[in-house]
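The structure appears right after this line, and notes come after that.
The values are calculated or read from the model by the stated rules, or taken from the named source; none is laboratory data. The structure displayed is predicted, hence computed values, not measured ones. When we count neighbours, we look across all protein chains shown, and the Cβ atoms used for this are built from the backbone with ideal geometry, even at glycine.
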Amino acid sequence: MNTLRNSVRLVGNLGGDPEVKTFDSNKQLAKFSLATSETYKNDKGERVTETQWHNLVAWGSQAKFIGDYLKKGDEVAIEGKLTNRSWVDKDGTKRYMTEVVLNDFIKLKG
């Protein structure tokens, strides 16, 4: 049951090409956005599509693979965990971001 405590599974499309950074220790980080969409009919019977955007992060060999093989529009299935971070921007405003840190992913279409 511990694997269910903080687990996220999503299927969606990349919103842009992944951004990959390499640090001094040769550790790599990939950041990208993922769009998930739901379609339903509203009260008037009209078809409505709602899209949610998710910030994703991958480290190490996954980051390298993502940078080499994934691009904007590719459909992927991911599994990971939710994390929150905060920082102070250049104007002194505290900012917050929720991200999904990948444990695993599969490229479905692209």
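Contact annotation: residue pairs with Cβ atoms under 6 Å, 6 or more positions apart or on different chains, pairing a residue in the range 81-110 that is without any contact (Cβ under 8 Å) to a residue 12 or more places away in the chain and farther than 19 Å from W53 by Cα with a partner that is in a strand (DSSP E or B) and among the aliphatic types (A, V, I, L, M), are K94/V88. Scanning the range 88-104 for residues that are hydrophobic (A, V, I, L, M, F, W, C) and within 22 Å of L56 (Cβ to Cβ) yields M97, V100, V101, L102.
Sub-8 Å Cβ pairs linking a first residue in the range 47-73 that is in contact (Cβ under 8 Å) with a residue 40 or more places away in the chain and among the basic types (K, R) to a second residue that is assigned to a strand (DSSP E or B) and surrounded by 16 or more Cβ atoms within 10 Å (Cβ to Cβ), at least 6 apart or interchain, are K64/V20; K64/Q28; K64/A30; K71/L14; K72/L14, ordered by first then second residue.
Scanning the range 19-46 for residues that are in contact with a Ser or Thr (Cβ under 9 Å, 6 or more places away or on another chain) and under 18 Å from L70 (Cβ atoms), we see that the one that is surrounded by the fewest Cβ atoms within 10 Å (Cβ to Cβ) is T36.
When restricted to residues that are out of contact with any strand residue (DSSP E or B) (no Cβ under 7 Å at 6 or more places or on another chain) and either in a strand (DSSP E or B) or modelled with pLDDT of 95 or more (or both), the range 47-64 contains 0.
Only residues that are over 12 Å from L56 (Cβ atoms) and either modelled with pLDDT of 95 or more or assigned to a loop (DSSP other than H, G, I, E, B) (or both): list them for the range 1-12, please. M1, R5, N6, S7, R9, V11 - these are the residues of the range 1-12 that are over 12 Å from L56 (Cβ atoms) and either modelled with pLDDT of 95 or more or assigned to a loop (DSSP other than H, G, I, E, B) (or both).
Among residues that are surrounded by 10 or more Cβ atoms within 10 Å (Cβ to Cβ), farther than 19 Å from G15 by Cβ and either more than 15 Å from the chain's Cα centre (by Cα) or at pLDDT 95 or above (or both), K90 is not included.
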